[in-house]
1. Identify, please: which residue in the stretch 102-124 is touching a residue at least 24 places away in the same chain (Cβ under 8 Å) and in a helix (DSSP H, G or I) and is, among those, surrounded by the fewest Cβ atoms within 10 Å (Cβ to Cβ)?
2. Report whether or not L85 is out of contact with any Gly (no Cβ under 8 Å at 6 or more places or on another chain) and either modelled with pLDDT of 90 or more or of a type in the set (K, R) (or both).
3. Would the stretch 60-70 turn up any residue that is surrounded by 16 or more Cβ atoms within 10 Å (Cβ to Cβ) and either within 20 Å of D180 (Cβ to Cβ) or not assigned by TED's automatic domain parsing to the domain that holds K171 (or both)?
4. Any residue at all in the stretch 63-77 that's assigned to a loop (DSSP other than H, G, I, E, B), under 26 Å from F18 (Cβ atoms) and free of Cβ contacts under 8 Å to residues at least 40 places away in the same chain?
5. Could you tell me which residue of the stretch 19-30 is modelled with the highest pLDDT, considering only residues that are closer than 19 Å to G75 by Cβ and surrounded by 14 or more Cβ atoms within 10 Å (Cβ to Cβ)?
6. Since K79 meets every condition but one in (1) closer than 23 Å to K7 by Cβ; (2) surrounded by fewer than 10 Cβ atoms within 10 Å (Cβ to Cβ), which condition does it not meet?
7. Please pick out the residue among L12, L37 that is within 15 Å of A84 (Cβ to Cβ), assigned to a helix (DSSP H, G or I) and either over 20 Å from the mean Cα position of the chain (by Cα) or at pLDDT 75 or above (or both).
8. If you check K48 against the conditions, is it modelled with pLDDT of 75 or more, in a helix (DSSP H, G or I) and surrounded by 14 or more Cβ atoms within 10 Å (Cβ to Cβ)?
Amino acid sequence: MKNLREKILLSLLLGVCFGYAITPRKQWYVLKTIGGLWDDWDKVDERKLNEEMRKLHRLKLIKKTNQKKGPIIKGLTKKGKLKALEYYFNNLMVDSKKWDGKFRILVFDIPEKLRKGRNALRWKIRRWGFRELQKSVFIIPYECKEEIDFVVDFFELKKYVHYGVLESISKELYTKLRKDFGLN
């Protein structure tokens, strides 16, 4: 089970994201992305949950009002949204179960003034298993456009980052990449 604080904040973020998702396809993506949080809610002690909610309120991460029947959560504060996004970012992973025979390429040239975003992107893509072909040119065999888009949007790097799907590459490079990634 994830840290209880993390689960609460991500669940509240899910509610916000779901509310903003206009189409059923986007709603399904939101549920699929953060939906695994509920697998073990039945194992959470109610007393611990209430205690953690009070801590979150004291830390000004959530807004709540008191009613006769008990407190009602109104949602995340701005600080709470940032913390939830940080948790989401740290747990964001690429699904590497199935390969469709294509490679994805990521090219970027991010200026020094956006160093924090550049370093976060570089750290994340290495965690996902991207391999560097050349300086600031990375490749991976798995679909990950939505994950890349999230990081790029979060750090406002859109005009500096380019993602593509390689439909055709040299046989030598194809063979080398298959070997490097351990693909059959």
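1. K116
2. So L85 does not fit the description; no.
3. Within the stretch 60-70, one or more residues are surrounded by 16 or more Cβ atoms within 10 Å (Cβ to Cβ) and either within 20 Å of D180 (Cβ to Cβ) or not assigned by TED's automatic domain parsing to the domain that holds K171 (or both).
4. Checked against the condition, which is being assigned to a loop (DSSP other than H, G, I, E, B), under 26 Å from F18 (Cβ atoms) and free of Cβ contacts under 8 Å to residues at least 40 places away in the same chain, the stretch 63-77 yields at least one hit.
5. Q27
6. Evaluating K79 over (1) closer than 23 Å to K7 by Cβ; (2) surrounded by fewer than 10 Cβ atoms within 10 Å (Cβ to Cβ) leaves (2) as the failure.
7. Exactly one residue qualifies, and that residue is L12.
8. Answer is no for this residue.
The values are calculated or read from the model by the stated rules, or taken from the named source; none is laboratory data. Note that this is a predicted model, so its numbers are computed, not measured. Ideal geometry is used to build each Cβ from the backbone, glycine not excepted, and the neighbour counts take in all protein chains shown.
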